[in-house]
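Read through the structure below, which is laid out as structure tokens, and then see the notes.
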Amino acid sequence: MIALLRMTAGLIVWAIAFCTLYGLHGVGCAAGWASARTIGGLSVHHAAMLAAWLACIAAASGVCVALRRHGDSMIDKTSWTLAVVGLLATIVTGLPIVLVPACL
């Protein structure tokens, strides 16, 4: 059971990141966060989504580091590889935050 959790940990973090960003996007657009500006010139909506995305990247990176310290068995190598896939998927999922306007 623990091996299955280790193998899916990176993808679970990606799924949480995806749901969090998707939910923040919907709530922020509906609540009008995109029109409220913060100190850095970013909207509240953009700042909240960027902060959540960076926190999710940090969590996915932490999973990668934690799983890299395990042994050299096939399960450990698979766990680390899937954690890296989850990290890359988290990065790619959040790229529209920086590349595309939030609420069209």
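The values are calculated or read from the model by the stated rules, or taken from the named source; none is laboratory data. Every value quoted in this text rests on a predicted model; they were computed, and no experiment measured them. Reconstructed Cβ throughout: ideal geometry from the backbone, glycine too, with neighbour counts over all protein chains shown. Each accessible area value is taken on the protein alone, full model and side chains, heavy atoms only, with ligands, DNA and RNA left out. Shrake-Rupley method; radii C 1.70, N 1.55, O 1.52, S 1.80 Å.
Details
- Of all the numbered requirements in (1) of a type outside the set (A, V, I, L, M, F, W, C); (2) open to solvent by less than 30 Å² (accessible area, probe 1.4 Å); (3) farther than 30 Å from Leu4 by Cα, Gly32 misses one, and that requirement is (2).
- Exclusive hit being modelled with pLDDT under 85, in a helix (DSSP H, G or I) and farther than 23 Å from Ala66 by Cα, set Ala30, Ala34: Ala34
- Leu87 being within 10 Å of the chain's Cα centre (by Cα), of a type outside the set (Ser, Thr, Tyr), outside any loop (DSSP other than H, G, I, E, B) and within 14 Å of Thr20 (Cα to Cα): no
- The range 9-26, residues that are within 15 Å of the chain's Cα centre (by Cα) and not aliphatic (A, V, I, L, M): Gly10, Trp14, Phe18, Cys19, Thr20, Tyr22, Gly23, His25
- Which listed residue, of Ala89, Ala34, Ala58, is without any contact (Cβ under 8 Å) to a residue 24 or more places away in the chain, aliphatic (A, V, I, L, M) and at negative phi: Ala58
- Residues of the range 66-104 classified as open to solvent by less than 70 Å² (accessible area, probe 1.4 Å) and charged (D, E, K, R), total: 1
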